[in-house]
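The values are calculated or read from the model by the stated rules, or taken from the named source; none is laboratory data. In this text, all values refer to a predicted model and were calculated from it rather than measured experimentally. In this analysis, Cβ positions are derived from the backbone assuming ideal geometry, glycine residues included, and neighbour counts consider all displayed protein chains.
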Amino acid sequence: MTDKPPCQIEIMENGPYIVTGAVPLKEMSIGVNGARESVRWEMGTEYPLQPRYALCRCGASANKPFCDGSHTKIGYDGEETASREPYLDQAVVYDGPTMILTDAESLCAFARYCDPHGQVWRLVEETDDEQQRDYFLQEVADCPAGRLVAWDKSSGEAVEPELPMEIGLVEDPTQQCSGPLWVRGGILVVSADGEQYEVRNRVTLCRCGASANKPFCDGSHAATHFKAK
């Protein structure tokens, strides 16, 4: 029996993301409450499973989410400028009574799950209350970029949601735009120069072409009103 190839995303120089390992691809929309706060993820269309495919990185493809070669026509500059330091070396630490929050702000993808219930940075200070702790853990877990990570003070372990290896095509109806690629479940991302990025459970990759923190999303899709549909 032949082993299944590893799930991997390889970044092409000034070109697309090459995804291998039969990684599921589906739409995921930011769901909001009556106050227009981000409170849930809503699953949408799932694409037919393919062993290998190329996802648009420049934002110009006429066949989104897949690459159609438009990056060569527009002279796309996909230079990777993001820090390659480990997450914890980039993060600020917020200490609460029972939980710790680490926050690497440069990874923010503007999904806004950190805002309800008075914001996650306040909630970590109130995690001795069961309801507040539940709110805190849910908001951190819903952060697609992994900018925010919760840590249990008693065990010293990260509290991470169990996510399948898959890629979500984020849609943001409230902002009337399309968001990043949500890379879930610890999929390896390899830079154009062959270096491996730190494998994390939650990562968001830019697909509008405008991020100043490539290959990661920095929320530019909202400012540019990027549309993938």
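Numerical summary
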quantity: All positions within segment 41-65 that are under 30 Å from CYS114 (Cα atoms) and either modelled with pLDDT under 95 or not aliphatic (A, V, I, L, M) (or both); calculated: TRP41, GLU42, GLY44, THR45, GLU46, TYR47, CYS56, ARG57, CYS58, GLY59, LYS64, PRO65
quantity: Flag for SER178 being surrounded by fewer than 19 Cβ atoms within 10 Å (Cβ to Cβ), in contact (Cβ under 8 Å) with a residue 40 or more places away in the chain and not in a loop (DSSP other than H, G, I, E, B); calculated: no
quantity: Sole residue being in contact with an Asp or Glu (Cβ under 7 Å, 6 or more places away or on another chain), under 22 Å from PRO164 (Cβ atoms) and buried (at least 19 other Cβ atoms within 10 Å of the Cβ), chosen from ILE30, ILE18, ILE9; calculated: ILE30
quantity: Verdict on SER155 being assigned by TED's automatic domain parsing to the domain that holds GLY21 and hydroxyl-bearing (Ser, Thr, Tyr); calculated: no
quantity: Helices (runs of 4 or more DSSP H) fully within segment 70-157 counting 3 or more residues that are of a type in the set (D, E, K, R) and at pLDDT 95 or above; calculated: 130-142
quantity: When residues of segment 182-213 are limited to those that are touching a Gly at 6+ places or on another chain (Cβ under 6 Å) and part of a loop (DSSP other than H, G, I, E, B), the one surrounded by the most Cβ atoms within 10 Å (Cβ to Cβ); calculated: CYS208
quantity: All positions within segment 216-229 that are under 23 Å from ALA141 (Cβ atoms), touching a Gly at 6+ places or on another chain (Cβ under 9 Å) and in a loop (DSSP other than H, G, I, E, B); calculated: CYS217, GLY219
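This table checks each residue for (1) over 26 Å from ILE9 (Cβ atoms); (2) without any contact (Cβ under 8 Å) to a residue 12 or more places away in the chain; (3) not aliphatic (A, V, I, L, M).
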{"residue": "GLY44", "(1), (2), (3)": "no, no, yes"}
{"residue": "LEU49", "(1), (2), (3)": "no, no, no"}
{"residue": "SER70", "(1), (2), (3)": "no, no, yes"}
{"residue": "GLY78", "(1), (2), (3)": "no, no, yes"}
{"residue": "LEU88", "(1), (2), (3)": "no, no, no"}
{"residue": "GLY118", "(1), (2), (3)": "yes, yes, yes"}
{"residue": "TRP121", "(1), (2), (3)": "yes, no, yes"}
